Amino acid sequence: MEALRMTNISKNFGQVKALNRAEIVVNKGEIHSLLGENGAGKTTLMKILYGIHQEDEGQIFLNGQKVTISSPKEAISLGINMVFQHFMLIPNLTVMENIILGKEEAKMGVLSYGESRKKVMELSERLGLKIRPDMKVEDIPVGEKQRVEIIKALFRGAEILILDEPTAVLTPQEVTELFKVLKALKAENKTIIIITHKLKETMAIADNVTVLRNGKTQGVIEAKKATPEILAQMMVGRSVMLEVEKDKVEKGQVILEAKNLSLGNNLKNISFKLHEGEILGFAGVEGNGQTELLETLVGLQMPTSGDILYNKQNIINHSVKERLIMGIGFIPEDRNDRGLISNFNIWQNCILGYQDRYQKNGILNLSAIYKESKKLVDRYQIKTEGIFSPTSSLSGGNAQKLLVGRVFYHSPQVLIIAHPTRGVDVGAIEYLHQEILAMRAQGKAIILVSADLDEIKQLSDRIAVLYEGSIVVEGSAHSFSEEELGIYMAGGALKESKVVGS
Amino acid sequence: MKFWKKAANLVLRFVLALVASGIILYLSGYSPLKAYKAMFWGAISNWDGIALSLVQATPLIFTGLAVAFANNCGIFNIGGEGQLYLGAIAAGIIGAFLPSMPHFLHLFLALAGGAVVGGLWASIAAWLKVKANANEVIITIMLNNISILLCSYLVNYVFKAPGPVPQTPEVQPSASLSRLGTGTQLSTALFLGVLLVFAVWFILYRTKVGYEIRAVGANPRAAAAAGINVPGMMTLALFLSGSLAGLGGASQVLGLHGRFIQGFSPGYGFDGIAVAILGGNSPIGVLFSALLFGLMRAGGMVLDRTTKIPVDFVLIIQAAIILFVAAPDIFKSLKGGVKGARSVAK
């Protein structure tokens, strides 16, 4: 039976056509994946269903009935609920208070939890959604917050549950847990729509897949009949190499070495050696010291103890600039935060950090800057109207290419790279991975931090797992299974340290 | 396209400001049209009016540049008034008390003295911001009071010229900025201001230091990650900003009044904030918005002479323009400034 049909949905934001006659049909009791790259219009389409945006044209049918949904309140009363990527919970209320918020029962104006609490706990047990009802939301981990959001939706009587990129913040184990829950929900005939750009999880959990590209529905396909290659092609509009091919590269000298780095509670006794021609990947759930480690390596933070050796020289007291000149290139985790200056134009961002190379007696050599910037834009396939365009006009993928290109272009010896493909479309991911491997082939030494385990596994020669500021395990990349990495990432049972290869 | 849209937006806001102040004037029983005509026509229809406008605009070029320069580094320098006062008294002292020497040298020393003293004064705020992460808005505004009262003390007790008026002795001819003709108050201070407009433009857009200053202003965290010395750039920018304000004070003393007089500034430093923001924090924009403000001040004087409309009306128009034209941007830059202040330490 058809639970939902959205037809010919169009939506413009100013000049931007977010949706152009998009369609989606979802059956009752299925898990439906809404797949597409960033900016394809997935979230917009679902926000229309949830009443946050109103369609410019098109129709919505629920169980065959035409409906208009003008607010989330209406959507909720129709049994539609959405769990956002950024959770909408109130941190200093308890889990239970958050769940019943908006549906509080009261006796003579005094809150009474009795019935609601029973109902919530019953839901929690039946579906295997483990929660601790009396903890404050600010004190519970991300995975549990997500469970709270799901229970909250079900408590409000959700029949259609929309999840926006639900696995983005989870460890592999938590993803498995989540999938179990979703299957339990499916068994209760709930309809689930997952917004995602990840092929693997689509394949793993969905019954049917609707693919969006540039605001248009590219097609609907049964997940059983799909392959990652087919889905990727539908998403991008051309065939994409999903697996990167990694050539063997002779490992060179140790070029960067960390010795017992500690930084307050964030880093504890971190030691590692990085060779030329090698990629050392740091896996870990976000917030386990990755940011601090990288910022300590490039000189943005001063460790409380420990040493950093670069070419056997201790650089612990060297400034960011001195390290940069020595050849340590840095690609920070958030291109809009530490990476690019969004209201500079493109050429101004092309030289950021390297401006010393483009000046004489303190005066910028603009003709050289323009020339090199054009080369850089060409070399790294940055799609833009030109080097005088504002950086804010670049798409996420092109902005990332600019950030990565800027560092690669100025020939560093060591690369400190964080989340090189975050918020980047599949086509650009492929390209960026190839460029990173090309640097490795040139004998550059690379430190890679990523929340994407596949990325870490594919690119790295060695992997170290960070948990609560410590390296809990380190070994050659192919010696870990994804499950093992997941357990280490969660600080899990397999704690006896494992020494594999070198 | 974008430029014209921006320009149209500015003009519209300006017209709204005139309408709003016109309503107030009308309600007070005066004819707004008559007032505007007397004001603007009086300020541009004859050479005297134009000269008067330029005289009024001159200090605003300096203080506008000062605010704009700091803003480019993400720092909201509200202390222009105090920096202007100290620059003025330094120039007045150097101009009056140093033994006679060649014109060029004496003038240079007096101007440089004003610039350095204004710059160092502003650097106090920079130092507190960098060392203690203090908000420069609060520090610079408090320093205004200290500076103005310090100048009052100096001019009343230490460097006072004989006579009833609290002022320093007359600046020697060798340290004066020459007048552009007899019977006019216009001096080469105007040229100095215009010269500085281009100098500031060159520093900001053509030099490495300017690039780094603007990078810090636009995104201090990205600038830090790119190895730019963020606290250093902020200190430098505030120093130069204070120097510009100090030069403004010095040029008033050396070009217009011929001495430091207590209370000589009717708030040039504060008007510089509106001038800078109206000018979009660009040096060229500052030049034009300073001219507009100068014109309005001059127009106000004409208004006072030729009509019964009180001169305070000009203050109402200025306030309306600031509210309608500049306030949204002031607010934005204030927020940016506070954000900048929070992130210095990182």
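The values are calculated or read from the model by the stated rules, or taken from the named source; none is laboratory data. For clarity, every value in this text was computed on a predicted model and none was experimentally measured. No Cβ is skipped: glycine too gets one built from the backbone with ideal geometry, and neighbour counts run over all protein chains shown. These area figures cover heavy atoms from the full protein model, side chains too; ligands, DNA and RNA do not enter into them. Shrake-Rupley method; radii C 1.70, N 1.55, O 1.52, S 1.80 Å.
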(message) Please count how many residues of the range A:120-143 are within 17 Å of A:Ala184 (Cα to Cα) and of a type in the set (D, E, K, R).
(response) 4
(message) Given the criterion away from chain B (no Cβ under 14 Å), modelled with pLDDT of 95 or more and farther than 26 Å from A:Gly443 by Cα, identify the matching residue among A:Gly289, A:Gly281, A:Gly306.
(response) A:Gly306
(message) I'd like to check which helices (runs of 4 or more DSSP H) are fully inside the range A:385-474 and have at least 3 residues that are among the charged types (D, E, K, R) and either outside the structural domain of A:Ile279 (by TED's automatic domain parsing) or closer than 20 Å to A:Arg338 by Cα (or both).
(response) A:426-441
(request) Answer with yes or no whether A:Gln233 is closer than 30 Å to A:Glu30 by Cα and more than 14 Å from every other protein chain (Cβ to nearest Cβ). (result) yes
(request) Among the candidates A:Glu257, A:Glu165, single out the residue that is surrounded by fewer than 21 Cβ atoms within 10 Å (Cβ to Cβ) and under 22 Å from the mean Cα position of the chain (by Cα). (result) A:Glu165
(request) Residues being surrounded by 15 or more Cβ atoms within 10 Å (Cβ to Cβ) and either outside any loop (DSSP other than H, G, I, E, B) or facing chain B (nearest Cβ under 7 Å) (or both): count how many of those fall in the range A:312-341. (result) 17
(request) Check B:Ala96, B:Ala90, B:Ala51 and return the single one that is part of a helix (DSSP H, G or I), open to solvent by 10 Å² or more (accessible area, probe 1.4 Å) and touching an Asp or Glu at 6+ places or on another chain (Cβ under 7 Å). (result) B:Ala96
(message) If I go through the range A:63-77 residue by residue, how many of them are surrounded by 14 or more Cβ atoms within 10 Å (Cβ to Cβ) and either among the hydroxyl-bearing types (Ser, Thr, Tyr) or in contact (Cβ under 8 Å) with a residue 60 or more places away in the chain (or both)?
(response) 2
(message) Looking at A:Gln65, A:Gln15 in this structure, which one is farther than 29 Å from A:Ala184 by Cβ and among the polar types (S, T, N, Q)?
(response) A:Gln15
(message) So in the range B:216-231, with the set limited to residues that are hydrophobic (A, V, I, L, M, F, W, C) and within 7 Å of chain A (Cβ to nearest Cβ), which one is surrounded by the fewest Cβ atoms within 10 Å (Cβ to Cβ)?
(response) B:Ala218
(message) Looking only at the range A:344-358, how many residues end up being facing chain B (nearest Cβ under 10 Å), under 17 Å from B:Gly217 (Cα atoms), open to solvent by 10 Å² or more (accessible area, probe 1.4 Å) and not in a loop (DSSP other than H, G, I, E, B)?
(response) 1
(message) Can you go through B:Leu190, B:Leu180, B:Leu186, B:Leu196 and tell me which one is away from chain A (no Cβ under 14 Å), more than 24 Å from A:Pro412 (Cβ to Cβ) and open to solvent by 40 Å² or more (accessible area, probe 1.4 Å)?
(response) B:Leu180
(request) Can you confirm whether the range A:353-362 contains a residue that is within 30 Å of A:Gly289 (Cα to Cα) and either at pLDDT below 95 or out of contact with any Ser or Thr (no Cβ under 9 Å at 6 or more places or on another chain) (or both)? (result) yes
(request) Starting from the range A:177-191, take each residue that is assigned by TED's automatic domain parsing to the domain that holds A:Gly486 and list its partners that are among the aliphatic types (A, V, I, L, M) and part of a helix (DSSP H, G or I), counting only C-beta distances under 9 angstrom and pairs at least six apart or across chains. (result) none
(request) Return yes when A:Lys183 is crowded, with 23+ Cβ neighbours inside 10 Å and basic (Lys, Arg) and no when it is not. (result) no
(message) Which of the numbered conditions does B:Phe202 fail, given that it passes all the others? Conditions: (1) open to solvent by 10 Å² or more (accessible area, probe 1.4 Å); (2) closer than 22 Å to A:Asn365 by Cβ; (3) touching a residue at least 40 places away in the same chain (Cβ under 8 Å).
(response) (3)
(request) For the range A:369-395, enumerate the residues that are on the phi < 0 side of the Ramachandran plot and open to solvent by less than 30 Å² (accessible area, probe 1.4 Å). (result) A:Ile369, A:Ser373, A:Leu376, A:Val377, A:Tyr380, A:Ile382, A:Ile387, A:Ser389, A:Thr391, A:Leu394
(request) Could you figure out which of (1) of a type outside the set (A, V, I, L, M); (2) over 30 Å from B:His257 (Cβ atoms); (3) touching a helix residue (DSSP H, G or I) at 6+ places or on another chain (Cβ under 8 Å) isn't true of B:Thr207? (result) (3)
(request) Run down A:Gly51, A:Gly114 and say which single residue is small (Gly, Ala, Ser), in the same structural domain as A:Phe13 (by TED's automatic domain parsing) and loosely packed, with under 12 Cβ neighbours inside 10 Å. (result) A:Gly114
